[in-house]
1. If I ask for residues that are within 11 Å of ligand 1 (Cβ to nearest atom) and within 17 Å of LYS207 (Cα to Cα), which ones from the range 22-43 would you list?
2. So how many residues does the range 1-35 have that are more than 30 Å from TYR216 (Cα to Cα) and of a type in the set (D, E, K, R)?
3. Would you say LYS207 is buried (at least 16 other Cβ atoms within 10 Å of the Cβ) and away from ligand 1 (no atom under 16 Å from the Cβ)?
4. Restricted to the range 106-125, and to residues that are closer than 16 Å to GLY51 by Cα and within 20 Å of the chain's Cα centre (by Cα), which residue is surrounded by the fewest Cβ atoms within 10 Å (Cβ to Cβ)?
5. Among what's in the range 248-276 and is surrounded by fewer than 18 Cβ atoms within 10 Å (Cβ to Cβ) and farther than 19 Å from THR315 by Cβ, pick the residue that is nearest to the chain's Cα centre (by Cα).
6. Does ALA97 satisfy the condition of being among the aliphatic types (A, V, I, L, M), surrounded by fewer than 20 Cβ atoms within 10 Å (Cβ to Cβ) and either within 29 Å of LYS178 (Cα to Cα) or in contact (Cβ under 8 Å) with a residue 12 or more places away in the chain (or both)?
7. Mind listing whichever residues of the range 168-199 are in contact with a strand residue (DSSP E or B) (Cβ under 6 Å, 6 or more places away or on another chain) and either basic (Lys, Arg) or open to solvent by 40 Å² or more (accessible area, probe 1.4 Å) (or both)?
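The values are calculated or read from the model by the stated rules, or taken from the named source; none is laboratory data. Just so you know, these numbers come straight off a predicted model, no measurement behind them. A quick note on method: Cβ atoms are made from the backbone with ideal geometry, for glycine too, and the neighbour counts reach across all protein chains shown. Side chains included, ligands, DNA and RNA excluded: accessible areas come from the protein's heavy atoms. Shrake-Rupley method; radii C 1.70, N 1.55, O 1.52, S 1.80 Å.
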Amino acid sequence: MKIHEYQAKQIFARYGVPIPAGDVASTPAEARAIAEKIGKRVVVKSQVHVGGRGKAGGIKLASNPDEAEQVASQILGMDIKGLTVEKVLVEEACNIAQEYYLGITLDRAAQKNLLMVSAAGGIDIEEVAESTPEKIARIHIDPAVGLREYQMRQALFSAGIERTAVNGAVKFLKALYKAYLDIDCSLAEINPLVLTGEGTLIAADAKINIDDNALYRHPDLAQFAEEGEDDPIEAEAHRRGLQYVRLGGEIGVIGNGAGLVMGTLDEVKDAGGAPANFLDIGGGAKAEVVANALDLVLSDPNVKGLLFNIFGGITRGDEVARGIIEGAKRVDVKVPIVVRLTGTNAEEGREILKSTDLVPAETMQEAAAKIVELAYR
Ligand code: GDP
Ligand code: MN
């Protein structure tokens, strides 16, 4: 789950990370009021779930409340990379001498968290990583030992952070790492960490991604979930407790078990089709779950055909068959459906399906070929 900069800053602040004074506004008048309260030069920042807002014109300085109101009215409602700006963060502008990058993320290949530090902050770290990777100091964190202070210093020194700023930056890294672990982040980033003309350090930007699978441990963070910015069908799937990923093609795919569904996606591709989605209804799925899944997949207007691939284990074939029939009754099915049922009670399931216009298939390959033929006809 992505959260906004102002939310990430609120979290970092709880860990003792210095952030500029400010508040979030949904209207130009609110932005003015915040600027009045701050009483200094402010920066007005669009709150959308993408980086590169500065370049896109979504970050502007304002030297007084009048200007803050004016730039807020320009930024609110703006489209940034397909997202509409609904909120702006108005905060005290900082006097930038240097911009650094601090980040912690999970390196899956190394099975460790990775600390990254760079003196080339302010711009997208992906860009730095691509063109000048030597400018990023990287240190893997042993999960059993944690992030040690000498490692932080090593990273800061080898990244070329000003010597006078190193002690201060260590405090930021400690807080960043603690926050990263406490709230189960997949990414925690401060870019830029600003070294001001006065020689102090402050987090001018903040980014946190939280591992969705750990959200149940953080009910206080659920308030940050903004489904409006996600895919609407994925958001609905989430509400229904279904494991669904939109893929953009025309063949809807439903199966039980993630591996089976991924295999089915490959078969659909091999047969010349483009999968519309991934949907794993899991083991032991009952009629109601299947009906729910069917309804969800068909809510994607691109879907021209649907393939059920069910390997009956705990999920019994007759249950699935009843679910498909029930679901098909609930939604107005206008597309062909191919059903491949095998395993426990598959024969009973196929028997139940005989009375319908669902197309049976014995193997995955046959099922994929049939649905591609029917859908793109
Ligand atoms: P991002 O582009 O979406 O990552 O947004 P950032 O918050 O990182 O801002 C991008 C750039 O805007 C920064 O690297 C700074 O150069 C500039 N910026 C942000 N806040 C301030 C500020 O308070 N004062 C000044 N002068 N520039 C700022
Ligand atoms: Mn940034």
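1. Looking only at the range 22-43, we keep the residues that are within 11 Å of ligand 1 (Cβ to nearest atom), and these are 22, 40-43.
Within the range 22-43, just GLY22 meets the criteria.
2. First pass over the range 1-35, keeping only residues more than 30 Å from TYR216 (Cα to Cα): 20-21, 27-35.
Keeping just the survivors that are of a type in the set (D, E, K, R) gives 30, 32.
Within the range 1-35, residues that are more than 30 Å from TYR216 (Cα to Cα) and of a type in the set (D, E, K, R) number 2.
3. Values: buried (at least 16 other Cβ atoms within 10 Å of the Cβ): yes; away from ligand 1 (no atom under 16 Å from the Cβ): no.
The answer is no for LYS207.
4. ASP124
5. GLY248
6. Details: among the aliphatic types (A, V, I, L, M): yes; surrounded by fewer than 20 Cβ atoms within 10 Å (Cβ to Cβ): yes; either within 29 Å of LYS178 (Cα to Cα) or in contact (Cβ under 8 Å) with a residue 12 or more places away in the chain (or both): yes.
In short, yes.
7. Residues satisfying the conditions are SER186, GLY197.
Residue by residue, here is whether (1) touching a helix residue (DSSP H, G or I) at 6+ places or on another chain (Cβ under 8 Å); (2) under 21 Å from ILE324 (Cα atoms); (3) in a helix (DSSP H, G or I) holds:
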site	(1), (2), (3)
ASN209	no, no, no
ALA214	no, no, yes
ASP220	no, no, yes
HIS238	yes, yes, yes
GLY252	yes, yes, no
LEU260	no, yes, yes
VAL268	yes, yes, yes
PHE278	yes, yes, no
